[in-house]
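Each remark here refers to the structure printed beneath this line.
Where a number appears in this text, it was derived from the coordinates with a stated rule and is not lab data. Computed from a prediction, not measured in an experiment: that's the story for all the values here. Cβ: placed from backbone, ideal geometry, glycine included. Neighbour counts: every protein chain shown.
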């Protein structure tokens, strides 16, 4: 008897997915906003809308981190050692994605 892949056959709960993506994006938005609004005298070479790119890219990276957490949450329901590994992997992937999003958002301005 062939076993199917039960991980991919589960339906996507759009409400839970949306909540996790909004939470991940919201955390990222608050973090990047904290750093950006501390800049009192930005370099005139950056232009007047220099904050727009990081305020879009970093929350998008945070939302993708929430998406990864949602999909890895299915692994945590299997119990045992998989639960802490899934949560640790989700956290590491979120932090890594947030860092990469911050670098991509701030390159050419605050990230030189």
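Distance from the Cα centroid of the stretch 71-106 to that of the stretch 36-58 is 28 Å (rounded to whole angstrom). For the stretch 44-99, relative contact order (Cα pairs under 8 Å, six or more residues apart, normalised by length) works out to 38 percent.
For the chain, what relative contact order do you get, as a whole percent, if you take Cα pairs closer than 8 Å and at least 6 residues apart? Contact order relative to length: 32 percent. For the chain, modelled as a Gaussian network with Cα springs under 10 Å, which listed residue fluctuates most, 30, 49, 67? Highest fluctuation of the listed residues: 49. Place a label point 7 angstrom from the Cα of residue 19 along the Cα-to-Cβ direction, then list the residues of the stretch 71-105 whose backbone nitrogen is under 12 Å away. Answer for the stretch 71-105: none. Highest GNM mean-square fluctuation, the chain, Cα pairs closer than 10 Å: which of 62, 80, 97? Comparing 62, 80, 97 in the GNM, the peak value goes to 80. Counting only alpha carbon atoms, the long axis of helix 52-76 and the longest principal axis of the chain meet at about 10°.
Enter the angle in degrees (range 0 to 90, nearest 10) between the Cα long axis of helix 14-36 and the first principal axis of the Cα atoms of the chain, meaning the one along which they spread out most. Helix 14-36 and the main axis of the chain meet at about 30 degrees. Here the stretch 26-112 is described by how far its Cα atoms reach on the three principal axes: 55, 20, 17 Å, from widest to narrowest.
Relative to the dominant Cα principal axis of the chain, helix 82-106 is inclined by about 20°.
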